[in-house]
Amino acid sequence: MKRIVVAFLTVAFVAVCAFGVVAGEKGEATYTFPTKMGTVTFQHQAHQGRVADCATCHHKGVEAGACHSCHDGTKAPKFKDAAHKLCKDCHKKMNGPTGCKDCHKK
C-alpha cells in the first residue's frame, strides 16, 4: 500500500510539473496531493509571490522534469521525503506552519 501511495504521489507531482511547462504558465494556483495522513493543498500561486526563483523549490527548474530524469531508480529521493525536507525547512526559516495537521487535512 505504501508503495502505491508513493507511486501515486510521484506520478501526480510529475503531471503537475509537466502541465506547468506545457501550458507555458507558472502552473495552477492550487495543487492537491492525497496522502494517507490527509490531503495536502498546496497554494502554488501564494508561494510564487514569496520565492523569487522557481528552482528554489523545483530543484533544477521545472524544465528538468521528473526526479528520475536525472536520478537513477536507486538514488531518486521519495517525493514525500523531498517535500517534507524542502517545505518544513523553508517553513521553519519563514515562520510558516510545521505541524503535520497544518498541511495534512483529513
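The values are calculated or read from the model by the stated rules, or taken from the named source; none is laboratory data. None of these values were measured; they are calculated from a predicted model. As a convention, Cβ positions derive from the backbone with ideal geometry for all residues, glycine included, and neighbour counts pool all protein chains shown.
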I need the full set of residues from region 12-36 which are surrounded by fewer than 14 Cβ atoms within 10 Å (Cβ to Cβ) and modelled with pLDDT of 90 or more, in order please. A29, T30, T32, P34, K36
If I ask for residues that are modelled with pLDDT of 90 or more, in a loop (DSSP other than H, G, I, E, B) and among the charged types (D, E, K, R), which ones from region 66-106 would you list? K106
If we keep only residues of region 89-106 that are farther than 14 Å from V51 by Cα and touching a residue at least 12 places away in the same chain (Cβ under 8 Å), then the residue farthest from the chain's Cα centre (by Cα) is K106
